[in-house]
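Working notes, beginning with the structure itself.
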Amino acid sequence: MCYTFLTMQENKLEPSLERAISAQGPVLAPEAHQLGAAIESLLFVSGRPLERAELRKLLGVGNEQLEPGIRALESTLQNGQRGIRLQRLGEQVQLVTAPENAHYVAVLLGLPMSAKLTNAALETLAVIAYRQPMTRSQIEAVRGVNSDRALASLLQHGLVAEVGRAQTVGRPALFATTAEFLQQFGLTSLEELPHIDLATQQMRTVPTEAEQSIPNGVNGQSGQASATSQPNLPTFQVPQSTD
């Protein structure tokens, strides 16, 4: 089911960045073969995710030139056995550490190697990851149980965030996975999620908000779904990585 985000707006550059670009004068776009390296430099120095709009402005290129440059950088980092990867989430692009090196980074920073999530939280995370964005009642319609506690845990860990509101009665909040989710699971984009044939799994279509109701006989305890109501979802291990 597709919803329109009420809060989605055109990405805008920070005023300080606009002033910095203006002070430098006209931007000379890099050659096509240099574009990937230029993007890598910007992402390295920024230390944060950059919007595509920011990259286009900084490099003086259009999206038709930017996208091949991003793909070239992504391929170079992936195939060159480098210690960093290019991560995409929506309009944002950033550099993150390679997941296979998470142990060494964790030792350096004194970070734990695992994050503790209950089975209920993992199941809720899987539902959101494959069907995002979703409302709370949609999540509960798939799982068949109250998901307040599981959802609260995911929000606390930064794996899920509110991304907008559905254009239905009451305008319920929509939830989706975050960049932290990708980093914790060693993914560079949502396209890398394990493929699931929903028809084979026989997961029913999520009803509209007006049609949704919790099935009879639902256990009120969060995360304790019955065997008949629990969908067949993938099991995730939760490694610790850092950007």
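A few remarks follow.
- Inter-residue pairs, beta-carbon under 6 Å, first more than 17 Å from residue 187 (Cα to Cα) and in region 94-108, second surrounded by fewer than 18 Cβ atoms within 10 Å (Cβ to Cβ), 6+ apart: 106/113; 106/240
- Flag: residue 102 does not match the condition of being closer than 30 Å to residue 148 by Cβ and either touching a Ser or Thr at 6+ places or on another chain (Cβ under 7 Å) or open to solvent by 70 Å² or more (accessible area, probe 1.4 Å) (or both).
- Test: residue in region 96-116 that is under 30 Å from residue 45 (Cβ atoms) and in contact with an Asp or Glu (Cβ under 6 Å, 6 or more places away or on another chain): yes
- Filter result for the condition that a residue is touching a His at 6+ places or on another chain (Cβ under 9 Å) and at pLDDT 90 or above, over 126, 72, 152: 72
- Positions within region 47-99 being among the small types (Gly, Ala, Ser) and surrounded by fewer than 16 Cβ atoms within 10 Å (Cβ to Cβ), in sequence order: 47, 53, 60, 62, 75, 80, 83, 90
- Among the residues of region 133-149, those identified as touching a residue at least 40 places away in the same chain (Cβ under 8 Å) and basic (Lys, Arg) are 143, 149.
The values are calculated or read from the model by the stated rules, or taken from the named source; none is laboratory data. Remember, predicted model here, so these are calculated numbers, not experimental data. Note: ideal-geometry Cβ built from the backbone for every residue, glycine included; neighbour counts use all protein chains shown. The accessibility values were calculated without ligands, DNA or RNA, using every heavy atom of the protein model including side chains. Shrake-Rupley method; radii C 1.70, N 1.55, O 1.52, S 1.80 Å.
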